[in-house]
Amino acid sequence: MCQQQVAHDTGGEILFYLSVGPELYESIIQNIGAIQPNKGPRRWCSAESNPAARQRIIVEKPFGRDLQSAEHLNRVLGRVFDDDDVFRIDHYLGKETVQNLLVFRFANLLFEPLWNRLYIDHVQITAAETVGVGNRAAYYDSAGAMRDMIQSHLLQLMAVVAMEPPNSFRASDLRSEQRHVLEAVRPIALDEVPRLAVRAQYTRAQIDGAVVPGYREEPGVPANSSCDTFAALKIFIDNWRWEGVPFFLRTGKCMRRKLTQFVINFKPAPHLFRNVDGGEIRPSPNRLVVNVQPDEGISLRFEGKVPGLGLHIQSAVLDFDYRQQFKAEPFEAYATLLLDAIRGNQSLYKDRHEIEAAWRIVMPVLDYWQGHPGQGLAPYPAGSWGPAAADELIKPHGPWRNPETTVSRTEPAAPPDFDLPA
Ligand code: BG6
């Protein structure tokens, strides 16, 4: 047995963590395979003294840069590791609020009957960052927002929002339901890309008196780069639950606020109120907001009567604040995930099929953008909510939810809708 294993009483179990440049993954995995005394998965240096000893590996993102390279990496891993010992990380899955969404959906009877195409108009998923590309241009310029965030984190979040109730919370059940969602996404035809996807790049702007450089002025970024620092995508999931409900995904660097949120927009109530003149009034539809970060929490907008004579209708918000409620800080995502890997729990890790399904969804967009460099690449000023093209994308279903200051502790009051004689 290795000295280190004796010293730390690890019983011969070893966890590799590939947090290195993705170009090194393959050779590292092959070399791990080459030094195994007994060929084949699971064996390591203590295999004879402890036949149950396992070796596991955590693979960081990016997992491939397209479908082909992701499939290849999965094959390379499969030659050395049993799939039960491969942990493909997506740190968004480790976030408390994402795990809480599973509990929220499946431990409460209230929402599940409404969680479908009959009651939901559309779903928005946003992951906005205020930081720019910083010193990561070498990686980021060849990746872009669609690869860096949508292919991985945002599609994974969508899978959690849209999945069917699993048979259990075991890894195999959770992951197969999430995978089914990704596999049901309607394929995007190449000629539909300009209609369903938006790409943009931040430009120089002044924020709070300070000048923020545009993307092309950042260190290491080519002056003619057509890299997307903002991307938005309209997706349909062709299954019984979600047929016809659009999912709008968007992400960007150098945006107005750091914010990751799901917004479930319900359909309007069918009943029409009337004002004194007999005019029709439609109360605002219900809206459920899940703040993944920051201001972790959930809020539900509903309509209420303003106290007083006459009938005024106004939106109100039921609010759940994670910190206040549980008197605890959300646990660090990586701490959860690394501990899970040590314990061999894959529930918050992706399986190979999920990763490949997510690549299949974005490949037509990436192929189209690569074949049409710069076409439709809109500018957006640093510190804004992104380009006008993204507003156009969602327009038929209403605007993006762009909170200006703190996330929804109080919704802006809607103007009184109507007034009937008392
Ligand atoms: C990483 C991306 O996976 O996620 C980064 O490569 C991004 O570009 C980061 O900044 C965002 O993570 P978080 O947890 O800060 O939202």
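Each value in this text was obtained by applying a stated rule to the coordinates, not by laboratory testing. The shown structure was predicted, so the numbers you read here are calculated from the model rather than taken from an experiment. In this analysis, Cβ positions are derived from the backbone assuming ideal geometry, glycine residues included, and neighbour counts consider all displayed protein chains.
Distant-in-sequence amide contacts of Val185, defined by a placed amide H-H separation under 5 Å and a gap of 5 or more residues or a different chain, comprise Asp238. What does the C-alpha gyration tensor say about the overall shape of segment 340-386? Classify as rounded when a/c is under 1.5, otherwise prolate if a/b is larger than b/c, or oblate. Note, shape of segment 340-386 comes out oblate. In terms of its C-alpha gyration tensor, segment 177-279 comes out oblate, because a/c is 1.5 or above while a/b does not outweigh b/c. Once you've got the Cα coordinates, tell me which of Lys258/Lys327; Lys267/Lys395; Lys258/Lys395 are over 18 Å apart. Flagged as over cut-off: Lys258/Lys327; Lys258/Lys395.
Building the convex hull from the alpha-carbon atoms of segment 315-375 and averaging its projection over directions returns 9.2 nm². Here the Karplus relation 6.51 cos²θ - 1.76 cosθ + 1.60, evaluated at θ = phi - 60°, turns the backbone of segment 175-191 into coupling constants of 5, 6, 5, 5, 5, 4, 4, 5, 6, 8, 5, 5, x, 8, 6, 3, 6 Hz, with x for every Gly and Pro. Using bins of 20 Å that start at zero, the share of Cα-Cα pairs per bin across the chain amounts to 23, 52, 21, 3, 0, in whole %.
Summing +1 for each Lys or Arg and -1 for each Asp or Glu among the other residues whose beta-carbon sits under 13 angstrom from that of Arg241 gives -3.
Scanning the chain for chymotrypsin sites (Phe, Trp or Tyr not before Pro) in DSSP loops with at most 12 neighbouring Cβ atoms within 10 Å leaves 241-422 as the longest stretch between them. Residues of segment 93-127 with an amide N closer than 13 Å to a point placed 7 Å from the Cα of Phe320 along the Cα-to-Cβ direction: 97-112. Can you say what percent of the DSSP beta bridges in the chain, counting only those with both residues inside, are antiparallel? Round to 5. Counting only bridges with both partners in the chain, antiparallel ones make up about 70 percent. Where a ≥ b ≥ c are the square roots of the eigenvalues of the C-alpha gyration tensor, would you call segment 68-153 rounded, which needs a/c under 1.5, or, failing that, prolate if a/b is larger than b/c, or oblate? Since a/c reaches 1.5 but b/c is at least a/b, the shape of segment 68-153 is classed as oblate. Relative contact order, whole percent, for the chain stands at 20, derived from Cα pairs under 8 Å and 6 or more residues apart. Less than 5 angstrom separates the built amide H of Arg65 from those of Ala70, all sequence-distant by 5 or more or on a different chain.
Rounded to the nearest 500, what is the chain's calculated 222 nm mean residue ellipticity when only DSSP H runs of at least 4 contribute -39500 (n - 2.57) each, over all residues? The helix contribution divided over the chain gives -8000 deg cm²/dmol. Among Ser176, Ser225, what is the fewest-to-most ranking by other Cβ atoms within 10 Å? Lowest to highest Cβ neighbour count: Ser176, Ser225.
Between the C-alpha center of segment 289-308 and that of segment 323-398 there is a gap of 24 Å.
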